[in-house]
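First comes the structure, then the notes that go with it.
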Amino acid sequence: MGDFTGELHEFTSPKRKRSRRGDVTIHTSSIGHDEIVWCDQLPVTAPARLVGDLLADRHDGQHISHVVADILDQRLATRKDLADAVTPHAAAYGVMPAFLYETERGGIRGSHGCRPSRQGGRSLVGEDGTRRL
């Protein structure tokens, strides 16, 4: 999903853990059973949780928008799951999530309301001038 490079391996554990490797970071956080999916026999965070974690770590919004687009294209999470993950971090990025924008305007009108712009890194702009993620 997206085009993040794997320069650093990041893991999340409910208990504090350490690694001697310089390319490994272990975050301490609670993880619900519904936030874990299995991929090639490995437990990984669910796509919506991944988006929330990337936003919480303040990764580049354009990179995250590509991750969100891939998740939607591959139907790995619902718009509601992604909206729940994005909403707490939207203000920090100075944007209003497209999910909320579309809902306020009378319901989601199709996948175009959630798909990030892929043209030159420009944000989607709503009819009222509101930037959307």
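Using a 10 Å cut-off around each Cβ, can you sort E35, E7 from fewest to most neighbouring Cβ atoms?
On the way: E35 19, E7 6.
Listing E35, E7 from fewest to most nearby Cβ atoms yields E7, E35.
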Packing-ranked peptide list from 19-25, 64-70, highest mean Cβ count within 10 angstrom first, is 64-70, 19-25
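Just subtract the alpha-carbon distance of T28 and T87 from 0.36 nm times their residue separation and send over the number in nm, one decimal. Walk me through the numbers before you get to the answer.
Details: separation 59, 0.36 × 59 = 21.24 nm, distance 2.18 nm.
Result for the pair: 19.1 nm of gain on full extension.
What does the charge dipole of the stretch 20-62 about its Cα centre add up to, to the nearest 20 debye, if the Cβ of each Lys and Arg holds +1 and the Cβ of each Asp and Glu holds -1?
Values: 4 positive and 7 negative charges, 37 e Å.
Around 180 debye, computed over the stretch 20-62.
Loop only by DSSP, 13 or fewer other Cβ within 10 Å of the Cβ. Give me the trypsin sites (Lys or Arg not before Pro) in the stretch 50-79 that pass, ordered by residue number. Intermediate results must be reported in sequence, preceding the final value.
Numbers: sites: R58, R75, R79; in loops: R58, R75.
Taking the stretch 50-79 and a limit of 13 other Cβ atoms within 10 Å, the loop trypsin sites (Lys or Arg not before Pro) found are R58, R75.
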Quickly work out the H66-to-K17 label distance, labels modelled 7 Å from Cα along the C-beta direction, and quote it in nm with one decimal.
2.8 nm
Amide H of T25: which non-local residues (sequence gap of 5 or more, or other chain) have their own amide H closer than 5 Å, using H built in the peptide plane?
H9, E10, F11
In square nanometres, what is the average projected area of the Cα convex hull of the stretch 25-99?
5.5 nm²
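Bear in mind these aren't lab numbers, they're just calculated from the coordinates by the rules spelled out. Please read all numbers here as calculations on a predicted model, not as lab measurements. No Cβ is skipped: glycine too gets one built from the backbone with ideal geometry, and neighbour counts run over all protein chains shown.
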